[in-house]
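Novice: Handing you a structure now.
Bear in mind these aren't lab numbers, they're just calculated from the coordinates by the rules spelled out. Since we're looking at a predicted model, the values are computed, not measured. Every residue, glycine as well, gets a Cβ built from its backbone with ideal geometry; the counts of neighbours run over all protein chains shown.
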Amino acid sequence: MKHLFLTLFAISSLLLCSCVREYIPHEVLQVSKFAKLYTAYNLWYTNPMEMTSENVQQGTIIPFGTEVVLTHMDENKICFEIDGKKFQIHMADKNLETVYAFTVRTFTTRTAHELAGISNAAEYEKMRRGVISEGMTEQQVLIAYGRPSITRSPNLKSNTWIYQIGPVKSRRVLLQASEPEKPRTVYRIFEL
C-alpha cells in the first residue's frame, strides 16, 4: 500500500511538473481577440516551424507590418499563421526573456506605415528588406533588425548593439546622438 501511494505520488508530481503554462495571445497583448495583429519588426527563418527567438538574420524574411494570426502560446513557443502558412518560434534559453515579454515586443496592432513613422520612401524600403545604413535612427534599426541579442547587448541604452547574422557571424551597430534631445543614429556598421 505504501509503495502504491509513493508510486502514484511520483507519477502525479511528474505530470504536474511537465505541464507547460499556456497563454491567451490577445490577453497577453491586451487587445480584443478580433484585433488585427502585425509583426513589429522583421523576422527571419530558414524553417518556418523552427524559428528561434534570437531572430538570426538568415534565410527568408517576414517584413515588419505583416499581418499574423497568433494561434498558440506557451512557455516554450509561439505559433502563428500568415495567409494560412504555419510558423513556430521556439524560445531559446539563452535569450533570457519570457515568452510574455517577447510576444509584447514582437507583435503589435500597428501597421507597417504606422511603425515606420516619418521614414522616407528609401528608408522604408530598406527596413522592409532588412537593411540598415549609416544615418538611420535607432527606431529604424529596431524595425529592420529587431532587438539585438540580449546576451551580447543587454542594455538598449548602450551605443553598441550586436546582432547575430549567422552561426558564428555577428554584426555590430554603433549609435550616437548628434544632439542631446535627438534620437541616436547609426554612425558605423561592421561585421565580426
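Novice: I'd like the projected area of segment 105-146, averaged over all directions, using the convex hull of its alpha carbons. Report it in nm² with one decimal.
Specialist: Directional mean of the projected Cα hull area for segment 105-146 stands at 2.8 nm².
Novice: Here's a follow-up. Given the DSSP H assignment, sum -39500 (n - 2.57) over each helix run of at least 4 residues in the chain and divide by its residue total; what's the result at 222 nm in deg cm²/dmol, nearest 500? Walk me through the numbers on the way to the answer.
Specialist: Working: 6 runs with 50 residues, N = 192.
After summing the helix terms and dividing by residue count, I get -7000 deg cm²/dmol.
Novice: Within 10 Å, at most 10 other Cβ atoms, and a DSSP state outside H, G, I, E, B define an exposed site. Report the longest part of the chain free of exposed trypsin sites (Lys or Arg not before Pro).
Specialist: Working: sites that count: R21, K33, K157.
Excluding the exposed sites themselves, the longest stretch runs over 34-156.
Novice: Right, another one. Which label belongs to the value computed from this structure, given these candidates for Cα Rg over 2.2 N^0.38 Å: [x] 1.09; [y] 1.22; [z] 1.31?
Specialist: [y]
Novice: Right, next: Which of E181, E123, E138 moves most in a GNM of the chain, Cα contacts under 10 Å?
Specialist: Comparing E181, E123, E138 in a Gaussian network model of the chain, the most mobile one is E181.
Novice: Additional query: Angle check, please: helix 2-17 long axis (alpha carbons) against the longest principal axis of the chain (alpha carbons), in degrees 0 to 90, nearest 10.
Specialist: The helix 2-17 is inclined about 20 degrees to the chain.
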